[in-house]
1. For region 132-143, check the following and say yes or no: at least one residue is open to solvent by 30 Å² or more (accessible area, probe 1.4 Å), part of a strand (DSSP E or B) and at negative phi.
2. Residue check: is VAL166 farther than 25 Å from LEU14 by Cβ, among the β-branched types (Val, Ile, Thr) and either free of Cβ contacts under 8 Å to residues at least 60 places away in the same chain or open to solvent by less than 80 Å² (accessible area, probe 1.4 Å) (or both)?
3. Filter region 119-131 for residues that are open to solvent by 30 Å² or more (accessible area, probe 1.4 Å) and among the hydrophobic types (A, V, I, L, M, F, W, C); which is farthest from ILE81 (Cα to Cα)?
4. Can you tell me which residues in region 13-34 are touching a residue at least 60 places away in the same chain (Cβ under 8 Å), of a type outside the set (Ser, Thr, Tyr), touching a strand residue (DSSP E or B) at 6+ places or on another chain (Cβ under 7 Å) and open to solvent by less than 30 Å² (accessible area, probe 1.4 Å)?
5. Given (1) open to solvent by 30 Å² or more (accessible area, probe 1.4 Å); (2) within 15 Å of the chain's Cα centre (by Cα); (3) of a type in the set (Val, Ile, Thr), identify the lone condition not met by VAL59.
6. Run down VAL59, VAL16, VAL20 and say which single residue is touching a Lys or Arg at 6+ places or on another chain (Cβ under 7 Å) and either farther than 16 Å from GLY98 by Cβ or part of a strand (DSSP E or B) (or both).
7. Can you find even one residue in region 83-90 that is under 30 Å from THR4 (Cα atoms) and not β-branched (Val, Ile, Thr)?
Amino acid sequence: MIRTILRMGDPRLLQVSGPVTEFNTRFLDELLADMFETMRAADGAGLAAPQIGIHLRVVIFGFDRNERYPEAPAIPPTVLINPTLEPLTDELEDGWEGCLSVPGLRGVVPRVARLRYSGFDAKGNAYSRDVDGFHARVVQHECDHLDGILYPMRVKDFSKFGYTDVLFPGDMRGE
């Protein structure tokens, strides 16, 4: 089922989410199915449970190709529950970000260039991955939602923040 995505200004997006304590449940399976369906319907690169009003530490991400990020490499469909992020470098990279909860806008955000993310899949199996580039950016962006942080809160230079159709006229990045 496609869920309504909360938009910036809704105070629920600013709440800190709690951990998932039960895995391999019908509720969790249905939540994840709805999240993937919602993300794909909105042509998103990822989605966090708080964006649909569920305050649990659950994020999903992944795509083969994404019209909103045409230069981005494919990322395998991923379920990440109760994530922890460990920077593997002090290097920060600036990159353009958008958000399904902040439609029509983009901004340049500094993010850690390489990191290890750890967490659980829907069955409760622990795993970790080392990633860099856009993959690392997406993970950090989605995990920020779990702590009530929206990407505009991380923008450092507001001359690089604005409406997508103004920043990228004629581009396919429309939100």
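1. Checked region 132-143: at least one residue is open to solvent by 30 Å² or more (accessible area, probe 1.4 Å), part of a strand (DSSP E or B) and at negative phi.
2. On the way: farther than 25 Å from LEU14 by Cβ: yes; among the β-branched types (Val, Ile, Thr): yes; either free of Cβ contacts under 8 Å to residues at least 60 places away in the same chain or open to solvent by less than 80 Å² (accessible area, probe 1.4 Å) (or both): yes.
Taking the combined requirement at face value, the residue satisfies it.
3. ALA126
4. Restricting attention to region 13-34, the residues satisfying the condition of being touching a residue at least 60 places away in the same chain (Cβ under 8 Å) are 13-17, 19-20, 23-24, 28-29, 32.
After this cut, where a residue has to be of a type outside the set (Ser, Thr, Tyr) as well, the list is 13-16, 19-20, 23-24, 28-29, 32.
Narrowing the set further to residues that are touching a strand residue (DSSP E or B) at 6+ places or on another chain (Cβ under 7 Å) leaves 19-20, 23, 32.
VAL20, LEU32 - these are the residues of region 13-34 that are touching a residue at least 60 places away in the same chain (Cβ under 8 Å), of a type outside the set (Ser, Thr, Tyr), touching a strand residue (DSSP E or B) at 6+ places or on another chain (Cβ under 7 Å) and open to solvent by less than 30 Å² (accessible area, probe 1.4 Å).
5. Only one criterion in (1) open to solvent by 30 Å² or more (accessible area, probe 1.4 Å); (2) within 15 Å of the chain's Cα centre (by Cα); (3) of a type in the set (Val, Ile, Thr) is unmet by VAL59, namely (1).
6. Working: VAL59 fails: touching a Lys or Arg at 6+ places or on another chain (Cβ under 7 Å); VAL16 fails: touching a Lys or Arg at 6+ places or on another chain (Cβ under 7 Å).
None of the others qualify; the one that does is VAL20.
7. Looking through region 83-90, at least one residue is under 30 Å from THR4 (Cα atoms) and not β-branched (Val, Ile, Thr).
Table: residues versus (1) at pLDDT below 95; (2) open to solvent by less than 30 Å² (accessible area, probe 1.4 Å); (3) in a strand (DSSP E or B); (4) more than 14 Å from VAL138 (Cα to Cα).
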position	(1), (2), (3), (4)
PRO50	no, yes, no, yes
ASN66	yes, yes, no, no
PRO77	no, no, yes, no
ILE81	no, yes, yes, yes
GLY98	no, yes, yes, no
TYR117	no, yes, yes, no
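The values are calculated or read from the model by the stated rules, or taken from the named source; none is laboratory data. What you are looking at is a predicted structure, and each value in this text was computed from that prediction instead of being measured. Note that we place each Cβ from the backbone using ideal geometry, even for glycine, and neighbour counts take in every protein chain shown. All accessible areas refer to the heavy atoms of the entire protein, side chains included, with ligands and DNA or RNA removed. Shrake-Rupley method; radii C 1.70, N 1.55, O 1.52, S 1.80 Å.
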